[in-house]
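A.B. asks: What follows is a structure written as structure tokens; I'll ask about it next.
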Amino acid sequence: MNRPLQLWRYETTARLIGFLMPITISAIALLGHWLLGLSWGAGILLGAILSPTDPVLASEVQLDSPEDRDELRFSLTSEGGVNDSAAFPFVYFGLYSLEDPNWQTWFRSWVLIDLVWAIAAALVMGVAVAKGIVWLDRRLQGLRNPEEVLENFIALSAILLTYGLTEVINGYGFLAVFVAGVAMRRFYQVEAEKRCDQLRFTEQVEKLLEVGIILLLGTLLLLQPLQTFAGQGLLVAGLLFLVIRPVGVWLSLWGSPISFPTNRLLGWFGIRGVSSIYYLSYALAHGLRDRLGEQIAWITYIVVVLSIIIHGISATPLMNWYERRRPGLSDREKTTI
């Protein structure tokens with residue numbers, strides 16, 4: 001995240017998280033209830049599982065270096081970094097609804113613990129752990145310069161330590177890791193070479209893990225359940241890719257300085273991937289089971305597989321088209337970059 005921590009520079013990201021994600025969850029919940037016959041709790045859970053985006057699966061739409069100032073790639077990258085954790089309260093909401101349809105018995109604790117506390121704890125821990133790691137790194141460097149290979153593992157250790165410590169106090173580890181990454185960039189701002197080395201290393205680890213998870217997903221696909229839930233999966237994927245995401249982006253960015261090409265591509269590149277698999281796995285381990293669990297699981301698998309194929313194929317030609325149109329970006333949009 002190569003922008004200063006000034007709220008107006010993150011306006012597009014804030015709109016995509018604050019407006020688009022609730023719109024997506026609500027629309028999928030309505031779709032699940034009225035067209036798929038799901039209860040409201042199950043519909044909200046399905047919406048929360050499918051709401052996070054994962055632009056890692058199409059590298060063309062990610063920021064490719066700390067010097068990349070493109071608004072589209074920045075928005076997609078930052079959205080994917082934040083909505084991994086921003087959807088978690090709604091996963092809990094759906095699970096609580098399935099366990100106890102009388103939401104009045106658990107709604108207050110959901111707000112206080114899963115919404116307020118977990119987010120606040122993640123923000124504080126992200127900054128605190130990042131600052132502690134940077135301080136310790138500089139103290140140790142004063143005693144002995146580590147080898148370059150070991151130096152790169154500082155970023156990996158920051159990820160694991162931040163996530164683990166935040167989960168211990170019931171915060172959202174995903175959000176804490178994102179905040180820690182932004183904070184470490186600021187703390188290391190005078191050490192640009194180190195920052196780039198760590199970035200390249202973590203990207204390599206990330207891509208290897210992504211490939212492993214996608215291969216694992218492939219081994220889970222079975223012909224009979226794919227046929228059983230193909231109609232529901234295609235319906236959800238089609239409406240999500242072609243209606244819910246594009247319309248939601250258009251509504252969320254109403255009145256913003258985002259140009260038409262950027263707006264349309266933000267609406268198209270709502271790539272679903274590993275985050276949805278993680279949320280599904282979490283739900284299956286915390287009460288989602290039987291026929292409903294099977295239904296939600298296979299709808300999720302179908303949507304993710306279709307997203308990987310369709311968005312992966314379309315990423316290169318659409319981004320080439322976007323690069324040709326970039327000189328026409330509005331002056332107002334350029335001032336946010």
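Rule-based calculations on the coordinates, nothing more; no lab input. Source: prediction; values computed, not measured. A quick note on method: Cβ atoms are made from the backbone with ideal geometry, for glycine too, and the neighbour counts reach across all protein chains shown.
A.B. asks: Test of understanding: ordering Tyr279, Tyr96 by Cβ neighbours within 10 Å, fewest first, what list do you get?
C.D. replies: Result, fewest neighbours first: Tyr96, Tyr279.
A.B. asks: Oh, and also: Where the only charges are on Cβ atoms (+1 Lys, Arg; -1 Asp, Glu), what is the dipole of the stretch 174-304 about its Cα centre, to the nearest 20 debye?
C.D. replies: Computed charge dipole of the stretch 174-304: roughly 240 debye.
A.B. asks: If every alpha-carbon in the chain counts as one equal scatterer, what log10 I(q)/I(0) does Debye give at q = 0.08, 0.09, 0.12 1/Å?
C.D. replies: -0.39, -0.50, -0.89
A.B. asks: Related question: What ranking do Phe174, Phe201 get, fewest neighbouring Cβ atoms within 10 angstrom at the top?
C.D. replies: Phe201, Phe174
A.B. asks: With n ≥ 4 as the cut-off for DSSP H runs, can you work out [θ] at 222 nm for the chain, using -39500 (n - 2.57) per run divided by the number of residues, rounded to the nearest 500?
C.D. replies: Per the formula, -23500 deg cm²/dmol.
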